Amino acid sequence: MAESAGEMAHEAVEHTQTQGEYIQHHLQFLTFGKDAEGHWGFAHGADAAAEMGFWSFHVDMLGWSIGLGLIFIVIFRSVAKSATSGVPGGFQNFIEWVFEFVETSVKDTFHGTNALITPLALTIFCWVFLMNAMDIVPVDLFPWLAQTISGDPEIAFRVVPTTDPNITMGMSLSIFLLIIFYSIKVKGVGGFLKELAFQPFGPKMLPFNLLIEVPTLLAKPVSLGLRLYGNLYAGELVFLLIALFGAFQLPVHFIWAAFHLLVIPLQAFIFMMLTIVYLSQACEHH
């Protein structure tokens, strides 16, 4: 009995987290990959996740981003199928308002004709908004559920996909590929290369033009992805710091959550608007 009590006390000490360990644990992802011995499985701890290297997957982030994307598709599809020409219901009216808001933003910003831009902008705005909105969920809720269901008290689980640079940079790289595609489609390969090489100082200043235009082009996906990631990561980190207040966290939590209600749609709007602007520039002739 004495030995059992000692083991229990030892385990209790081992499972007592410091504030730093608490934050570090909540900033880890549920990572699946190949360990140092060549076996595939879930990582237990940040060191094990780092050893899995590039070809590992953040299962929680992929799951939430795909799930929230499907929620967007199901909601808008169901509203579109049930839409009537009469007086719309409250929810249909809200969906139509969102669509008209995005459509107006595209008409005011995109100088061209492209049937893809409005659906793309609508998808980006709603999808990023839903992913950002997960930041309002209490930081301990889903990690506790994951630990309870799995029976593993050390398992990591995060729920805000836009706090993962892999998600935000993946989205921004997709936009970057569209920028290159439409630049070549509208201007041709020669026109695209001339735009890089001959602007803004003309053909005689080609090296200086490249020094300006190439970094400007490459900076678009980097700034697009890192801006979204940085703002949401900072917001999540503040929520974790507030959680350390214990019983006194509620007033501060509500104040920060109220402020975050502005950040969530604002960052979705900025991501959408920059996408529209970049694609508009790609489709313009100079």
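Numbers for the structure displayed
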{"quantity": "Filter result for L218 (surrounded by 14 or more Cβ atoms within 10 Å (Cβ to Cβ) and either basic (K, R) or modelled with pLDDT of 90 or more (or both))", "calculated": "no"}
{"quantity": "Only one of W127, W144 that is surrounded by fewer than 17 Cβ atoms within 10 Å (Cβ to Cβ) and either of a type in the set (D, E, K, R) or in a helix (DSSP H, G or I) (or both)", "calculated": "W144"}
{"quantity": "Test for S150: is it of a type in the set (G, A, S), within 25 Å of L228 (Cβ to Cβ), out of contact with any Leu (no Cβ under 6 Å at 6 or more places or on another chain) and surrounded by fewer than 20 Cβ atoms within 10 Å (Cβ to Cβ)", "calculated": "no"}
{"quantity": "Per-region count, the stretch 195-211, residues loosely packed, with under 15 Cβ neighbours inside 10 Å and assigned to a helix (DSSP H, G or I)", "calculated": "7"}
{"quantity": "Search result, residues across the stretch 147-181 that are touching a residue at least 12 places away in the same chain (Cβ under 8 Å) and assigned to a loop (DSSP other than H, G, I, E, B)", "calculated": "D152, P153, E154, I155, A156, F157, R158, V159, V160, D164"}
{"quantity": "Qualifying positions in the stretch 252-271 - surrounded by fewer than 13 Cβ atoms within 10 Å (Cβ to Cβ) and either closer than 24 Å to G20 by Cβ or of a type in the set (F, W, Y) (or both)", "calculated": "F254, F259"}
{"quantity": "When residues of the stretch 12-30 are limited to those that are aliphatic (A, V, I, L, M) and touching a Lys or Arg at 6+ places or on another chain (Cβ under 8 Å), the one modelled with the lowest pLDDT", "calculated": "L27"}
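The values are calculated or read from the model by the stated rules, or taken from the named source; none is laboratory data. Owing to the predicted nature of the structure, the values given are computational and were not obtained by experimental measurement. So basically every Cβ, Gly included, is an ideal-geometry build from the backbone, and we count neighbours across all protein chains shown.
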